[in-house]
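Undergrad: I'd like to ask some things about the structure below.
The values are calculated or read from the model by the stated rules, or taken from the named source; none is laboratory data. These numbers come from a predicted model, not from an experiment. Here the Cβ positions follow ideal geometry from the backbone for every residue, glycine too, while neighbour counts run over all protein chains shown. All accessible areas refer to the heavy atoms of the entire protein, side chains included, with ligands and DNA or RNA removed. Shrake-Rupley method; radii C 1.70, N 1.55, O 1.52, S 1.80 Å.
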Amino acid sequence: QVQLVESGGGLVQPGGSLRLSCAASGNIARLNSMGWYRQAPGKQRDLVAEINSGGGANLADSVKGRFTISRDNAKNTVTLQMNSLKPEDTDVYYCKYRAGYLEVWGQGTLVTVSS
């Protein structure tokens, strides 16, 4: 089993920054991918950014140049640094761990961008 613990999120003004972190524990596969998705009420959950254990990253076009994703393989953590936040970035953000056919989701953390 794999467990995810998310931290970060909250309320920030437009143009501000937030950092989301996610720590995985349990039976962690050597080859895995971790990342962040976001979801608004009534909408599908969309990829924000993901990074694999080799360091290869994929970011949604809407966040390129503003968000960066990084990971610490020794600590099994992934961090999403969000800069230049916009009101449209307001969503619940979910951490995801994937290894082979196994997918594990975090409980979600709310990010609100508002003045």
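Undergrad: Give 92, 111 a once-over and let me know the one that is within 21 Å of residue 3 (Cα to Cα) and either surrounded by fewer than 18 Cβ atoms within 10 Å (Cβ to Cβ) or within 13 Å of the chain's Cα centre (by Cα) (or both).
TA: 92
Undergrad: Same structure, new question: Over 12 Å from the mean Cα position of the chain (by Cα), surrounded by 13 or more Cβ atoms within 10 Å (Cβ to Cβ) and under 24 Å from residue 1 (Cα atoms): does that describe residue 83? Walk me through how you get there before you give the answer.
TA: Values: over 12 Å from the mean Cα position of the chain (by Cα): yes; surrounded by 13 or more Cβ atoms within 10 Å (Cβ to Cβ): yes; under 24 Å from residue 1 (Cα atoms): no.
It is false that residue 83 is over 12 Å from the mean Cα position of the chain (by Cα), surrounded by 13 or more Cβ atoms within 10 Å (Cβ to Cβ) and under 24 Å from residue 1 (Cα atoms).
Undergrad: Continuing with the same structure: For residue 5, all conditions in the list (1) open to solvent by 60 Å² or more (accessible area, probe 1.4 Å); (2) at pLDDT below 95; (3) β-branched (Val, Ile, Thr) hold save one; what is the number of the exception?
TA: It is condition (2) that residue 5 fails.
Undergrad: Hey, residue 12 hits all of (1) open to solvent by 40 Å² or more (accessible area, probe 1.4 Å); (2) over 15 Å from the mean Cα position of the chain (by Cα); (3) touching a residue at least 60 places away in the same chain (Cβ under 8 Å) but one; which does it fall short on?
TA: All conditions pass for residue 12, except number (1).
Undergrad: Give the residue that is nearest to residue 54 (Cα to Cα), with candidates limited to residues of segment 64-105 that are among the hydroxyl-bearing types (Ser, Thr, Tyr) and either assigned to a strand (DSSP E or B) or free of Cβ contacts under 8 Å to residues at least 12 places away in the same chain (or both). Outline the logic, then answer.
TA: First, the residues of segment 64-105 that are among the hydroxyl-bearing types (Ser, Thr, Tyr): 68, 70, 77, 79, 84, 90, 93-94, 97, 101.
When the remaining residues are screened for being either assigned to a strand (DSSP E or B) or free of Cβ contacts under 8 Å to residues at least 12 places away in the same chain (or both), the result is 68, 70, 77, 79, 93-94, 97, 101.
Numbers: 68: 16, 70: 11, 77: 14, 79: 15, 93: 23, 94: 21, 97: 14, 101: 18 Å.
Ranking the qualifying residues of segment 64-105, first place goes to 70.
Undergrad: Within segment 25-38, take every residue that is of a type in the set (S, T, N, Q) and open to solvent by 50 Å² or more (accessible area, probe 1.4 Å) and give me the one that is nearest to residue 6 (Cα to Cα).
TA: Ranking the candidates gives 25 first.
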